[in-house]
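Heads up, the thing below is written out as structure tokens.
The values are calculated or read from the model by the stated rules, or taken from the named source; none is laboratory data. All values derive from a computational prediction rather than experimental measurement. With ideal geometry, Cβ positions are generated from the backbone for all residues, glycine too; neighbour counts draw on all protein chains shown.
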Amino acid sequence: MKSQNISSATLFFLSVCCLAAYTFAAGAAEPKVHVKVLRADELQLKQNGKTMTATMLEVTLDPLAGSPPHRHPGAVSGYILEGTFEFQVGDEPLQTFKAGDTFFEPAMILHRIGRNPDPEKRTRFIVTMVHPSDARQLVIPEPE
């Protein structure tokens with residue numbers, strides 16, 4: 001196992017920056033979504049002939065922060081550390097998660113809603129995404 005695959009971590013950070021720029025261009029300069037890469041590890045497994053990487057991140061959403069609709073090239077598992085997180089993927093109903101709850105997103109499913117509905121408190125969660133190591137973007141904005 002190759003630990004701390006910086007290229008995957010950098011790729012995710014740049015993808016999030018692009019998503020933030022998209023949000024800013026849409027007129028929502030504040031509040032913000034903050035992403036910290038905790039680690040990225042190349043896995044000793046292949047899926048569809050591609051080497052996979054597991055990237056772990058800490059995501060913090062300012063009060064009322066959220067992201068526009070997007071997709072991820074790999075499956076995402078998350079654990080809510082604090083606050084409230086509203087979440088909708090695909091055609092599933094809107095779900096609300098609190099500290100101690102977990103969530104899952106299958107690879108390439110449309111993540112329609114991901115937001116902190118609280119006007120005063122931040123939301124913080126940990127996610128792990130298992131994705132192809134050669135993925136060009138880890139956050140893929142949905143075309144309008």
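Would you say residue 23 is modelled with pLDDT of 95 or more, within 15 Å of the chain's Cα centre (by Cα) and either surrounded by fewer than 19 Cβ atoms within 10 Å (Cβ to Cβ) or not in a loop (DSSP other than H, G, I, E, B) (or both)?
Numbers: modelled with pLDDT of 95 or more: no; within 15 Å of the chain's Cα centre (by Cα): yes; either surrounded by fewer than 19 Cβ atoms within 10 Å (Cβ to Cβ) or not in a loop (DSSP other than H, G, I, E, B) (or both): yes.
The answer is no for residue 23.
Which one of these is under 17 Å from residue 38 (Cβ atoms) and not acidic (Asp, Glu): 94, 64, 81? It would help to see each step written out before you state the result.
On the way: 94 fails: under 17 Å from residue 38 (Cβ atoms); 64 fails: under 17 Å from residue 38 (Cβ atoms).
When all the criteria are applied, what remains is 81.
Being in contact with a strand residue (DSSP E or B) (Cβ under 8 Å, 6 or more places away or on another chain), among the hydrophobic types (A, V, I, L, M, F, W, C) and modelled with pLDDT under 95 narrows it down to one residue among 139, 76, 130; which is it? Write out each step before concluding.
Working: 76 fails: modelled with pLDDT under 95; 130 fails: modelled with pLDDT under 95.
139 is the lone residue from the list that is in contact with a strand residue (DSSP E or B) (Cβ under 8 Å, 6 or more places away or on another chain), among the hydrophobic types (A, V, I, L, M, F, W, C) and modelled with pLDDT under 95.
Which of the strands (runs of 3 or more DSSP E) contained wholly in the stretch 43-113 include at least 1 residues that are in contact (Cβ under 8 Å) with a residue 24 or more places away in the chain, in contact with a Lys or Arg (Cβ under 6 Å, 6 or more places away or on another chain) and among the aromatic types (Phe, Trp, Tyr)?
On the way: elements: 50-61, 75-82, 84-89, 95-98, 102-105.
Per the criteria, no element qualifies.
Among the residues of the stretch 32-47, which ones are farther than 28 Å from residue 68 by Cβ and either exposed (fewer than 12 other Cβ atoms within 10 Å of the Cβ) or under 13 Å from the mean Cα position of the chain (by Cα) (or both)? Please lay out each step first, then the result.
Taking the stretch 32-47 first, the residues farther than 28 Å from residue 68 by Cβ are 41-46.
If the condition is that a residue be farther than 28 Å from residue 68 by Cβ and either exposed (fewer than 12 other Cβ atoms within 10 Å of the Cβ) or under 13 Å from the mean Cα position of the chain (by Cα) (or both), then 44, 45, 46 are the ones that fit.
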